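Asks: Supplied in structure tokens, the structure appears directly below.
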Amino acid sequence: MTTTYTVLSEGLGKRFGDVHALRGLDLAVAEGTVCGMLGPNGAGKTTAVRVLTTLLAPDEGSARVAGHDLRREPEAVRRAIGVTGQYASVDGELTGAENLRLFAKLLRAPRSRADELLERFELAGAADRPARTYSGGMRRRLDLAASLIVRPAVLFLDEPTTGLDPHSRNGIWDAVRELADEGTTVLLTTQYLEEADRLADDIVLVDEGRAAHRGTPAELKAAIGSYAEVVVAEPAQLRAAAAVLDRLTGAEPVLDAGRGTVGAVATDPTLTLPRIVREVDAAGVLIVDAALRPPTLDEVFLRLTRRHPGPAGRAADRNTAAPAPQGVRT
């Protein structure tokens, strides 16, 4: 079966003076899927979105978005996409209905489209209130609705749920998944790794302006092995437990003093939970709990980028991760 790529870039480069924001970024986002673009702060994610949405011209490379060449057909690209940035673009003095009707008029869409989106995003009850009176979650839903006035082939979401409470975030997630199910291709940048795990069909880990690793969430997790974690009774024993996990796994442990946990990636398939418990106990460490489980996307991120994942990461004493594993597409 031939895969149709709605977003396809090769060697995208962008410089700001001496700073190389993008260094040959390659992307391939299949039609009707959600692609999560992850990376540490400053990795180039937002710059990539700004280039692919024609807000910035690339210095190098090429890209096609919804079948249109980024350099030669920028207006056609703009007609085919929707964009929701990190900050709401709606006018706080206008009501929710006025905001969407204004966008509909500017984009030559029927007025009924605005009313349809108000219903879809559960904003009809607040349609006549100024947007400045909306909660953060409501403003983000209104902003997302505005980007859908004309049904886009590609929707770019740049950290769409930053600062939202869990209930509001879940509402945005449901809307994004519905859009993908209806055929819209979504390119999502996020610092919330749970968000990418829940939504993304494919993930690209961007580091230093390049696509360093890619795969499905399951592929990325499987590639780094299992995760051994121990909960100690006394925080003073964290270092002793870490020394045991270091010896058993060969990976640099991650300590979280607040939770009283120490964990490490375990690539040895013969390592068992009973052995971990025996070895930690033999070191004189009193433990509350222990587990040998599949890694979370947070742990994958730390392993592959050796960086903090931003707001999604737990407050922890995180040490340098071990080298990147084999098996992940790079």
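The values are calculated or read from the model by the stated rules, or taken from the named source; none is laboratory data. Keep in mind that this is a model prediction, so the values were computed, not measured. Note that we place each Cβ from the backbone using ideal geometry, even for glycine, and neighbour counts take in every protein chain shown. Remember, those area values only see protein heavy atoms, side chains included, never the ligands or the DNA or RNA. Shrake-Rupley method; radii C 1.70, N 1.55, O 1.52, S 1.80 Å.
Asks: So how many residues does the range 16-58 have that are in contact with a Leu (Cβ under 8 Å, 6 or more places away or on another chain), touching a residue at least 40 places away in the same chain (Cβ under 8 Å) and over 18 Å from residue 203 (Cα atoms)?
Replies: The total comes to 1.
Asks: Right, another one. Looking only at the range 76-99, count how many residues are free of Cβ contacts under 8 Å to residues at least 60 places away in the same chain, open to solvent by 30 Å² or more (accessible area, probe 1.4 Å) and closer than 28 Å to residue 20 by Cβ.
Replies: Qualifying residue count for the region: 2.
Asks: Being in contact (Cβ under 8 Å) with a residue 60 or more places away in the chain, under 24 Å from residue 67 (Cβ atoms) and touching a Cys at 6+ places or on another chain (Cβ under 6 Å) is the requirement here; does residue 187 meet it?
Replies: yes
Asks: Pick from the range 1-60 the residues that are charged (D, E, K, R) and out of contact with any Asp or Glu (no Cβ under 8 Å at 6 or more places or on another chain): which of them is surrounded by the fewest Cβ atoms within 10 Å (Cβ to Cβ)?
Replies: 18
Asks: Still on this model: Can you give me the ranges of the strands (runs of 3 or more DSSP E) entirely in the range 213-330 with at least 1 residues that are modelled with pLDDT of 90 or more and surrounded by fewer than 13 Cβ atoms within 10 Å (Cβ to Cβ)?
Replies: Result: 287-293.
Asks: Please state which one of 102, 188, 123, 155 is more than 21 Å from residue 31 (Cβ to Cβ), open to solvent by less than 20 Å² (accessible area, probe 1.4 Å) and modelled with pLDDT of 90 or more.
Replies: One residue alone meets the criteria, 123.
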